[in-house]
Amino acid sequence: MKLRRIVFISLLIAIASILGYVESLIPITLVPGVKLGLANIVILFSIYHFKWYEALIITLIRIVLVSLVLGSFLNVGFFMSLSGGLLSYLLMVLLKNIKNISILFVSISGALVHGLGQISVAIIVMGASQVIYYLPLIMLLSIPTGVIVGVLVRELNKHIKLEKEEIE
């Protein structure tokens, strides 16, 4: 991997981590743990502009860094974030490669699966099946956040044209 590509990826990790930290400061009181998904702007962007494993690296390092800064590394919140992030990443990578699927659909699908992953871990780790009752509300809230992320990345893609030579 060339130095220029490493620098680009490092910058994306830093931006995603900052956005992840900033959104932790924004209280959304409807459902505990619900976030705007600001860091997913960077993740979705990287899925479309970088190799699948580079986008995965950005995703994983962002989750670890933010959890370290927030003091939640290896606690339930970390594993919820990790499972949601990985499921979301996997689905978005798969959907991105299907012809005629819009970035908006990819983003909304990623947001929905993220919530599903988080609820699943909460049920498994905490042994509290009652959290399943949060699922419909989380799914409902995931749609507008997925739309926002998708629209922002779609617009970002119009203004940022990364040529392969620029990041190789």
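The values are calculated or read from the model by the stated rules, or taken from the named source; none is laboratory data. It should be emphasised that the depicted structure is a prediction, and the values quoted were computed from it without experimental measurement. Every residue, glycine among them, receives a Cβ derived from its backbone with ideal geometry; neighbour counts consider all protein chains shown.
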Kindly indicate the residue of the stretch 52-78 that is more than 17 Å from Val34 (Cβ to Cβ) and of a type in the set (Phe, Trp, Tyr) and also surrounded by the fewest Cβ atoms within 10 Å (Cβ to Cβ) among those meeting that condition.
Tyr53
The residue from Ile148, Ile98, Ile123 that alone is surrounded by fewer than 21 Cβ atoms within 10 Å (Cβ to Cβ) and touching a helix residue (DSSP H, G or I) at 6+ places or on another chain (Cβ under 7 Å) is Ile123
State whether one or more residues within the stretch 92-115 are more than 17 Å from Val147 (Cα to Cα), small (Gly, Ala, Ser) and outside any helix (DSSP H, G or I).
no
Among residues of the stretch 103-120 being aliphatic (A, V, I, L, M) and in contact (Cβ under 8 Å) with a residue 40 or more places away in the chain, the residue surrounded by the most Cβ atoms within 10 Å (Cβ to Cβ) is Ala111
Would the stretch 144-155 turn up any residue that is free of Cβ contacts under 8 Å to residues at least 40 places away in the same chain and not acidic (Asp, Glu)?
yes
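For (1) touching an Asp or Glu at 6+ places or on another chain (Cβ under 9 Å); (2) under 18 Å from Ala16 (Cβ atoms); (3) of a type in the set (A, V, I, L, M, F, W, C); (4) at pLDDT 95 or above, each residue gets a yes or a no:
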site: Val76; (1), (2), (3), (4): no, no, yes, no
site: Leu82; (1), (2), (3), (4): no, yes, yes, no
site: Val106; (1), (2), (3), (4): no, yes, yes, yes
site: Met126; (1), (2), (3), (4): no, no, yes, no
Taking the stretch 151-168 and the residues there that are in a helix (DSSP H, G or I) and surrounded by 13 or more Cβ atoms within 10 Å (Cβ to Cβ), the one that is modelled with the lowest pLDDT would be Ile167
